[in-house]
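The values are calculated or read from the model by the stated rules, or taken from the named source; none is laboratory data. No experiment lies behind these values; they were computed from the predicted model shown. Note: ideal-geometry Cβ built from the backbone for every residue, glycine included; neighbour counts use all protein chains shown.
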Amino acid sequence: MKILLEPILSTLLLLIDLFQFCLVAYVVLGWLIYFEVINRYNNVIMMVGQTLKRILDPFLDFISRFIPRLGAVDLSALALFVVIFFLKQLVISIYRSTVLGV
């Protein structure tokens with residue numbers, strides 16, 4: 001059981017980290033575009049932004065249904081960070097209890 005579970009949980013942790021990195025990139029890119037530090041009409045920036053938007057918007061839109069906007073501030077990304085943190089801690093605790101036996 002441990003032989004099969006260890007790579008699955010390690011891969012799941014890697015995917016959670018990748019998703020968290022995408023969320024950070026999405027938030028930072030949004031700030032940089034909002035403050036006109038980078039040009040939103042640049043093809044590379046547009047492509048990266050659209051890709052991150054397609055990945056993250058379903059999750060952010062779902063959270064936005066429950067958390068109202070505070071003026072121009074959208075707290076759905078912060079709430080998604082909290083959800084990712086709890087999910088990651090859950091996977092780590094499962095990994096420790098099953099694979100490491102702690």
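What are the residues in the stretch 81-102 that are polar (S, T, N, Q) and under 14 Å from residue 16 (Cα atoms), if any?
First pass over the stretch 81-102, keeping only residues polar (S, T, N, Q): 89, 93, 97-98.
Hit for the stretch 81-102 is 89, nothing else.
If residue 66 satisfies all but one of (1) modelled with pLDDT of 90 or more; (2) among the hydrophobic types (A, V, I, L, M, F, W, C); (3) surrounded by 12 or more Cβ atoms within 10 Å (Cβ to Cβ), what's the number of the condition it fails?
Looking at each condition in turn, residue 66 falls short on (3).
Please verify whether the stretch 42-58 includes one or more residues that are assigned to a loop (DSSP other than H, G, I, E, B) and either among the β-branched types (Val, Ile, Thr) or more than 20 Å from residue 88 (Cβ to Cβ) (or both).
Here is the first cut: in the stretch 42-58, the ones assigned to a loop (DSSP other than H, G, I, E, B) are 42.
Subset that is either among the β-branched types (Val, Ile, Thr) or more than 20 Å from residue 88 (Cβ to Cβ) (or both): 42.
Taking every residue of the stretch 42-58 in turn, at least one turns out to be assigned to a loop (DSSP other than H, G, I, E, B) and either among the β-branched types (Val, Ile, Thr) or more than 20 Å from residue 88 (Cβ to Cβ) (or both).
Restricting the search to the stretch 1-24, which residues are surrounded by 14 or more Cβ atoms within 10 Å (Cβ to Cβ) and in contact (Cβ under 8 Å) with a residue 60 or more places away in the chain? Write out each step before concluding.
First, pick out the residues of the stretch 1-24 that are surrounded by 14 or more Cβ atoms within 10 Å (Cβ to Cβ): 6, 9, 12-13, 16, 19-20, 22-23.
Residues satisfying the conditions are 6, 9, 12, 13, 16, 19, 20, 23.
Only one residue in 27, 99, 83 is surrounded by 11 or more Cβ atoms within 10 Å (Cβ to Cβ), in contact (Cβ under 8 Å) with a residue 40 or more places away in the chain, part of a helix (DSSP H, G or I) and under 15 Å from the mean Cα position of the chain (by Cα), so which one is that? Spell out how you get there, then give the answer.
On the way: 99 fails: under 15 Å from the mean Cα position of the chain (by Cα); 83 fails: in contact (Cβ under 8 Å) with a residue 40 or more places away in the chain.
Answer to the selection: 27.
Yes or no: residue 49 at pLDDT below 95 and surrounded by 14 or more Cβ atoms within 10 Å (Cβ to Cβ)? Working first, answer last.
Values: at pLDDT below 95: no; surrounded by 14 or more Cβ atoms within 10 Å (Cβ to Cβ): yes.
For residue 49, the condition - at pLDDT below 95 and surrounded by 14 or more Cβ atoms within 10 Å (Cβ to Cβ) - is not met.
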